[in-house]
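No lab work stands behind these numbers, since they all come straight from the coordinates. Because the structure is a prediction, the values reported are computed rather than measured. Neighbour counts are summed over all protein chains in view; Cβ atoms, including those assigned to glycine, are modelled from backbone coordinates with ideal geometry.
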Amino acid sequence: MQRRDVVFAAAFAIMTAAILFLSYKYYFDEPSVVTARAIRLVDGKGNQRALLSSATEDGTACITLFDANQRPRTTIGILPDGQPVIVLKDKDGQVTWAAKKGQ
C-alpha cells in the first residue's frame, strides 16, 4: 500500500468512528431537558387526555385534563398577570366550580 492509501484509510476510519459515536449519542442518550410550547398526552386510541401548555391564545400557562370524549373538564393555570386559576367543567362544558385569587 502506498502512504497515500494508508492516510486515506486512517482518515476514513476516524471519520466513521466519529459519525458512529455522534449517532449513538443522538439516538440513545436521554435528554435532560425537554423544551416545548405544549405537551399533549393521548390514550391508547390516540385521544387527547391531557395538555400541558404555555401557548394559549391569551398567554395562560395551564394543565388541562380531558374526558374520554376529549372535552376539557379540568384546567389549572396561571393567567398572564400571574394570577392562579382552577376551573372544573361538567360534561356539557359548563363551569361547575372555579377558583381565582380574590374570589
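Annotations for the structure displayed:
- A simple spin-label model places pseudo-atoms 7 Å from Cα toward Cβ; at Asn47 and Gln83 they are separated by 3.4 nm.
- Shape category assigned to the range 38-100 from the gyration tensor of Cα positions, a/c cut at 1.5: oblate
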